[in-house]
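What follows is a short report on a single structure.
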Amino acid sequence: MAPTASISRRQREARNGHRGVAILLTGLPASGKSTLAQGLQAALFEQGRHSIVLDGDALRGGLNKDLGFADSDRLENIRRASELAALLVENGQIVVLAMIAPLVELRAVFAERLGADYREVWCSASLAVCEGRDPKGHYARARKGELPGFTGIGSPYEPPPHASLELDTGVLSAQQCVERLLGWLAPGLDSGEPSF
C-alpha cells in the first residue's frame, strides 16, 4: 500500500469543527485550576468538542516524575508541558493546562512555544482563600517548614500582568467560572481566529 500524505492541522480542525488552542489555567495551589479544567473539559465534551486536560500534578506523576522543584526542574517541567501542548494543538485539540506556573518567565515558555495558539487564564483566588481550602494539607506543611519553596509560602507567585481572562475563584463558583470560560472561549473556537 502506498503511503498517504499527512493530515494537516487545517483538515483536523475542519473535522473537529473548531480550532486547536492551548489554555493555561494558572494560579496559587488550591485556587481551583484542576476543578475548572475538568469542568471545562466536561462542558466542551457535551458540545462535541475535542479537548484534553494536562494537569500539573498528573504530569509530575508520570511524564515529569524525574523532576524536582529546583528552578531548573520547574523550567524543564514547563518546557515538556509546552511541547506536549504544541503537539496536541497541531492535531486540532483544545488543550487545557492546569498548572501553577508561578513565574512570568515560566509562563513565557508557553507563550513562545505556542504563539497565537496560547492564552492565559488567571484563577485569582487570594492566598487566604487557597490556604483555607488546603485540600492536600500542603499549606499547613509549608507553614511548618516541611515543604520549603512551596508556592505562596516559601516561593512567590507572580500574577499574570496580561491574562486573557481573570476568574476570582474565591468569589465565583466552579460552575460560574466554567460558564465564563465557555462564553469567552467559544467565539474564538468557532471563528477559526484567535479572537479570545
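The values are calculated or read from the model by the stated rules, or taken from the named source; none is laboratory data. From a predicted model like this one, the values you see are computed outputs, not experimental measurements. So basically every Cβ, Gly included, is an ideal-geometry build from the backbone, and we count neighbours across all protein chains shown.
Taking residue 152, is it crowded, with 16+ Cβ neighbours inside 10 Å, on the phi > 0 side of the Ramachandran plot and touching a residue at least 12 places away in the same chain (Cβ under 8 Å)? Break it down into steps so the answer makes sense when it comes.
Numbers: crowded, with 16+ Cβ neighbours inside 10 Å: yes; on the phi > 0 side of the Ramachandran plot: yes; touching a residue at least 12 places away in the same chain (Cβ under 8 Å): yes.
So residue 152 passes the test.
What's the number of the condition residue 180 fails, among (1) under 19 Å from residue 22 (Cβ atoms); (2) buried (at least 18 other Cβ atoms within 10 Å of the Cβ)?
The failed condition is (2).
Determine the pairs where a residue that is over 9 Å from residue 152 (Cβ atoms) and in contact (Cβ under 8 Å) with a residue 24 or more places away in the chain, located within the stretch 127-138, has a partner that is in a helix (DSSP H, G or I) and not β-branched (Val, Ile, Thr) with Cβ atoms under 8 Å apart, the partner being 6 or more residues away or on another chain.
134/140
Taking into account only those residues within the stretch 14-40 that are part of a strand (DSSP E or B) and not β-branched (Val, Ile, Thr), which is farthest from residue 114 (Cα to Cα)? First the steps, then the outcome.
Filtering the stretch 14-40 down to residues part of a strand (DSSP E or B) leaves 21-26.
Checking which are not β-branched (Val, Ile, Thr) leaves us with 22, 24-25.
On the way: 22: 8, 24: 11, 25: 15 Å.
Looking at residues that are part of a strand (DSSP E or B) and not β-branched (Val, Ile, Thr), I get 25.
Can you name the residue in the stretch 66-117 that is among the β-branched types (Val, Ile, Thr) and touching an Asp or Glu at 6+ places or on another chain (Cβ under 7 Å) and is also nearest to residue 181 (Cα to Cα) among such residues?
Of the residues in the stretch 66-117, the ones among the β-branched types (Val, Ile, Thr) are 78, 89, 94-96, 100, 104, 109.
Narrowing the set further to residues that are touching an Asp or Glu at 6+ places or on another chain (Cβ under 7 Å) leaves 89, 104.
On the way: 89: 18, 104: 22 Å.
Checking each candidate, the answer is 89.
Go through 141, 133, 113 for me and flag whichever is among the basic types (Lys, Arg) and either modelled with pLDDT of 95 or more or in contact with a His (Cβ under 8 Å, 6 or more places away or on another chain) (or both). Outline the logic, then answer.
Working: 141 fails: either modelled with pLDDT of 95 or more or in contact with a His (Cβ under 8 Å, 6 or more places away or on another chain) (or both); 133 fails: either modelled with pLDDT of 95 or more or in contact with a His (Cβ under 8 Å, 6 or more places away or on another chain) (or both).
Result: 113 is the single residue among 141, 133, 113 that is among the basic types (Lys, Arg) and either modelled with pLDDT of 95 or more or in contact with a His (Cβ under 8 Å, 6 or more places away or on another chain) (or both).
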